Amino acid sequence: MFAQHNLEYPKEIWQSIVGRGPDQISEKPEDILVRMAELGDAPERLYKTFRARYFQILEKVARPGVEKLISDAVGLGYELHIVSSSEKRWVEGHLNDLGLREHFQTLTTRDEGVPTKPAPDLYLRCLEKTDLKPKQVWALEDSENGLTAAKAAGLRTIVCPNPTTEHLNFSKADKFVSSLEDITLPL
């Protein structure tokens with residue numbers, strides 16, 4: 001949508017918001033587009049267009065290595081939980097589309113009314129739902145905001161960035177991998 005107006009979405013802004021929920025974002029992408037393109041008061045229309053286009057082009061493909069990692073974890077008797085700053089319906093929709101929902105015991109999402117990442121609250125809420133202690137848990141993250149949240153909750157962390165986040169600072173991670181295929185269980 002930025003390209004339609006001969007603009008480019010500032011990568012540094014995108015990298016700073018990956019992993020955050022809307023309560024943690026000061027300016028939405030559609031607001032930035034309205035401002036940069038001098039479009040006046042059109043964010044709601046742009047937001048609807050953005051969401052429709054986003055779901056149209058979104059690939060329903062898991063990242064390489066995710067299915068084997070889940071299979072190995074399940075085979076070892078690990079509990080699997082998802083903690084996301086996204087809405088539950090969005091997360092669950094993707095899991096269902098990929099045929100992976102059945103492998104996760106809980107989903108903890110922004111719908112639960114606690115601050116989203118980089119705050120640790122979503123991870124802490126997930127721990128409340130389980131009998132797990134922080135030192136028993138490995139958090140798998142792809143964003144600096146997620147890493148910050150997991151570490152603040154006392155969890156051990158593995159970071160596997162995506163193309164948008166690969167240049168961020170992950171020096172606080174306990175383990176760093178370039179691909180999910182590089183994770184060998186047990187840890």
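Just so it is clear, none of the values below were taken in a lab; they were calculated from the coordinates. Since we're looking at a predicted model, the values are computed, not measured. With ideal geometry, Cβ positions are generated from the backbone for all residues, glycine too; neighbour counts draw on all protein chains shown.
How much of the DSSP bridge set in the chain is antiparallel, in percent, rounded to the nearest 5? Taking every DSSP beta bridge within the chain, about 0 percent pair in antiparallel fashion. Helical runs (DSSP H, four residues minimum) scored at -39500 (n - 2.57) apiece and divided by the length of the chain put the mean residue ellipticity at 222 nm at -11000 deg cm²/dmol.
Roughly how many Å is it from the Cα centre of the stretch 144-181 to that of the stretch 1-17, as a whole number? The distance from the Cα centre of the stretch 144-181 to that of the stretch 1-17 comes to 23 Å. Between the Cα long axis of helix 66-75 and the first principal axis of the chain there is an angle of about 30°, rounded to the nearest 10. Overall size of the chain from C-alpha positions, given as principal axis extents largest first: 54, 30, 30 Å. Determine the shape class of the stretch 54-149: with a ≥ b ≥ c the square roots of the Cα gyration tensor eigenvalues, call it rounded for a/c under 1.5, and otherwise prolate if a/b is greater than b/c, oblate otherwise. Judged from the Cα gyration tensor, the stretch 54-149 comes out oblate (a/c at least 1.5, b/c at or above a/b). Each residue, Ala52 and Asn162, gets one label point 7 Å from its Cα in the Cβ direction; the gap between the two is 2.3 nm. If the chain linking Gln4 and Leu185 were pulled fully straight, counting 0.36 nm for each residue of separation and taking away their Cα-Cα distance, it would gain 60.6 nm. Cross-linked pairs Lys28/Lys88; Lys28/Lys133; Lys129/Lys172; Lys48/Lys135; Lys68/Lys88; Lys11/Lys129: Cα-Cα separations exceed 31 Å for Lys28/Lys133; Lys48/Lys135; Lys11/Lys129. Mean separation of Cα pairs under 8 Å and 6 or more residues apart, divided by the residue count, gives the chain a relative contact order of 21 percent.
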